[in-house]
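The values are calculated or read from the model by the stated rules, or taken from the named source; none is laboratory data. Source: prediction; values computed, not measured. Note that each Cβ is placed from the backbone with ideal geometry, even for glycine, and that neighbours are counted across all protein chains shown. Keep in mind that these areas ignore ligands, DNA and RNA; they rest on the heavy atoms of the full protein, side chains included. Shrake-Rupley method; radii C 1.70, N 1.55, O 1.52, S 1.80 Å.
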Amino acid sequence: MCKLVDAGADDDFTAIRNNMIAPIVRFKILSMYYPDRFLTIHSERHLSYFCEKAGIAFSESDDELVLQRKLIFWKEAKAEIRDYSLLEYVAYLYDHFGVPPTVDKGLAKKKSKLSQLKKDLKDFDKQHPKKKLTEVEVVQRSSLVSSIVKERAAGVCQLCNKPAPFYNKSGEAYLECHHVVWIAKGGADEVNNAVALCPNCHRKMHILDDSEDVEKLKEVAKLL
């Protein structure tokens, strides 16, 4: 439990995810120690239901932590509920949107955005063999690679393991695509050479390009 509490203090989403305590207990502990940063809702289905009802963009790869953070950001943007405690906010969600249905067929059948992006990338490469790429086509491919690595990061920086510092106007966690081995140094524009970083870590990599960080990110890119 101590490790979970420490991870909560640092917003270390990776450590929280890897903790062996059952989710229902895990979130009770986090919301008890940090009542201003974690919701008491542990159900991914309930969280995604509230995001859908509130018009918050999310994907199937978003887990409880990411969905909670999106809902909290939404609360902070709403003047009428901004001053609610998170306990009051949870009550508001259930009162305002109701309890989600037992089976949400719409969400169950929702096509994975990440799978679709990967398919788009394969289709793009079939249409544009690498030896024939033009400058415009390179930009288009880079955009697909960027979308894939951001989607699979699920709103968490892959270097510092902290959640994205803010959400963009579309309600998506703001992260930046970084090529581990820079394209300028011969690195490939491939998903296994790219990661999603928060703006601070991205700037750090371009200024320092620390060898230990590079090796860590190489392993992350290979695993995903």
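Are any residues in segment 144-170 outside any loop (DSSP other than H, G, I, E, B), closer than 16 Å to V66 by Cα, open to solvent by 30 Å² or more (accessible area, probe 1.4 Å) and of a type outside the set (D, E, K, R), and if so, which ones?
Y167 - this is the single residue of segment 144-170 that is outside any loop (DSSP other than H, G, I, E, B), closer than 16 Å to V66 by Cα, open to solvent by 30 Å² or more (accessible area, probe 1.4 Å) and of a type outside the set (D, E, K, R).
Any chance you could count how many residues in segment 177-194 are at pLDDT below 90 and open to solvent by 50 Å² or more (accessible area, probe 1.4 Å)?
Residues in segment 177-194 being at pLDDT below 90 and open to solvent by 50 Å² or more (accessible area, probe 1.4 Å): 4 in total.
For segment 1-42, name all the residues that are in a loop (DSSP other than H, G, I, E, B), open to solvent by less than 30 Å² (accessible area, probe 1.4 Å) and over 19 Å from N161 (Cβ atoms).
Hits for segment 1-42 are L39, I41.
In segment 52-73, which residues are under 20 Å from L30 (Cα atoms) and of a type in the set (F, W, Y)? Steps first, please.
Keep residues of segment 52-73 that are under 20 Å from L30 (Cα atoms), which gives 62-73.
F73 - this is the single residue of segment 52-73 that is under 20 Å from L30 (Cα atoms) and of a type in the set (F, W, Y).
Could you please find all residues in segment 33-51 being over 17 Å from the mean Cα position of the chain (by Cα) and among the acidic types (D, E)?
Within segment 33-51, just D36 meets the criteria.
Any residue that is in contact (Cβ under 8 Å) with a residue 40 or more places away in the chain and within 14 Å of D63 (Cβ to Cβ) - is there at least one of those in segment 31-38?
Yes, because at least one residue in segment 31-38 is in contact (Cβ under 8 Å) with a residue 40 or more places away in the chain and within 14 Å of D63 (Cβ to Cβ).
Residue by residue through segment 171-203, note down the ones that are touching a residue at least 24 places away in the same chain (Cβ under 8 Å), farther than 30 Å from K75 by Cβ and assigned to a helix (DSSP H, G or I).
V191, N192, N193
Those residues that are of a type in the set (F, W, Y) and either out of contact with any Phe, Trp or Tyr (no Cβ under 9 Å at 6 or more places or on another chain) or open to solvent by less than 40 Å² (accessible area, probe 1.4 Å) (or both), I need them from segment 75-91; list them, please. First the steps, then the outcome.
So the first thing to find is which residues in segment 75-91 are of a type in the set (F, W, Y), and the list is 84, 89.
Scanning segment 75-91 gives a single hit, Y89.
Could you please give the count of residues in segment 49-71 that are assigned to a helix (DSSP H, G or I) and surrounded by 16 or more Cβ atoms within 10 Å (Cβ to Cβ)?
So in segment 49-71, the residues assigned to a helix (DSSP H, G or I) come out as 49-54, 64-71.
Right, trim to surrounded by 16 or more Cβ atoms within 10 Å (Cβ to Cβ) and you get 49-52, 54, 64-71.
The total comes to 13.
Of all residues in segment 195-212, which are open to solvent by 60 Å² or more (accessible area, probe 1.4 Å) and β-branched (V, I, T)?
Residue satisfying the conditions is I207 alone.
Within the bounds of segment 125-147, is there any residue that is of a type in the set (D, E, K, R), in contact with a helix residue (DSSP H, G or I) (Cβ under 8 Å, 6 or more places away or on another chain) and modelled with pLDDT of 90 or more?
no
Which of the residues belonging to segment 5-24 are hydrophobic (A, V, I, L, M, F, W, C) and either free of Cβ contacts under 8 Å to residues at least 12 places away in the same chain or in contact with a Ser or Thr (Cβ under 9 Å, 6 or more places away or on another chain) (or both)? Steps first, please.
Looking only at segment 5-24, we keep the residues that are hydrophobic (A, V, I, L, M, F, W, C), and these are 5, 7, 9, 13, 15-16, 20-22, 24.
Scanning segment 5-24 gives A7, M20, A22, I24.
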